[in-house]
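Structure first, commentary second.
What follows is calculated from the coordinates using simple rules that are stated; it is not laboratory data. Given the structure is predicted, the values throughout are model-derived calculations rather than measurements. Neighbour counts run over all protein chains shown; Cβ positions are idealised from the backbone, glycine included.
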Amino acid sequence: MILIDRPGAVQADVRLGGYGIDRRDPRWADITVASYAVGGAFLSRLNAVLREEKGYTYGVRMQFAPLRSGGSFSVQGSFRTEVVVDALVEARRLLDLTGKPITNREVGDAVAFFTGVTPLRYATADGVADQVATQVLAGLDDDYVDQSLAALRATTAESATAAYASLVDLDRLTLVVVGDAGRIAEPLRAAGFAGLEVRGT
């Protein structure tokens, strides 16, 4: 866990995440749905609490970023200096799905979004070219888009929750914060973010 010191900063930028998977992993559709529910949608669990309820941020996002092999995921956002520790504690709580699995409604919302937006991405030659390039670079099949949509439609609340549980290990997350170390370093340690290393800019 690393804190990059920016003395006097009025807000702190946060990245909290870990290792992910690539698009060829059979859990890809499930984790796409789960991460949308937890932090990808405007009214996801993270945004509903950290933005709408608490007013800690203008927006926070959870995203899985696939590579050709493997990948990463992160929760990212900017928070006012005086609330960043509380925001991280709350985020860690929201990321824990123990007793709070992904719901059927969340799955339905996610699937409707992804299946609805997909055709719009290919409405231009530029969009088609981007997708073809992505598939070639990632080593995906020619019919990857069709496969992906079918997998999304087959996702259930149970499979999304299981994929999330298999990939998001709260005890192994990496935290990077850029902010005023003089104001947030000790509160972060006191909140349980042990092993915090402070570095200068």
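DSSP beta bridges confined to the chain are antiparallel in about 75 percent of cases.
Taking amide H atoms as placed 1.01 Å from N in the peptide plane, the amide H of Leu3 lies under 5 Å from those of Val177, Glu197, Val198, Arg199, each 5 or more residues away in sequence or on another chain.
Between Tyr122, Tyr58, Tyr164, the GNM of the chain built on Cα springs shorter than 10 angstrom shows Tyr122 fluctuating the most. Here the scattering of the stretch 39-87 is modelled by Debye summation over its C-alpha atoms, one equal scatterer each and no solvent; at q = 0.30 Å⁻¹ the log10 of I(q)/I(0) is -1.07.
The angle between the Cα long axis of helix 157-167 and the main principal axis of the chain comes to about 50°, on a 0 to 90 degree scale.
Pair-distance distribution P(r) for the stretch 88-169, from all Cα-Cα distances in 5 Å bins starting at 0: 3, 12, 17, 18, 16, 14, 11, 7, 1, 0 percent. As a calculated quantity, the FRET efficiency between Val145 and Glu82 at R0 = 45 Å, using C-beta atoms, amounts to about 0.50. Among Val178, Val33, Val136, the largest mean-square fluctuation in a Gaussian network model of the chain, built with springs joining Cα atoms closer than 10 Å, belongs to Val136.
Per DSSP H run of n ≥ 4, the term is -39500 (n - 2.57); total these for the chain, divide by its residue number, and report the mean residue ellipticity at 222 nm rounded to 500 deg cm²/dmol. Calculated at 222 nm, the ellipticity per residue is -13000 deg cm²/dmol.
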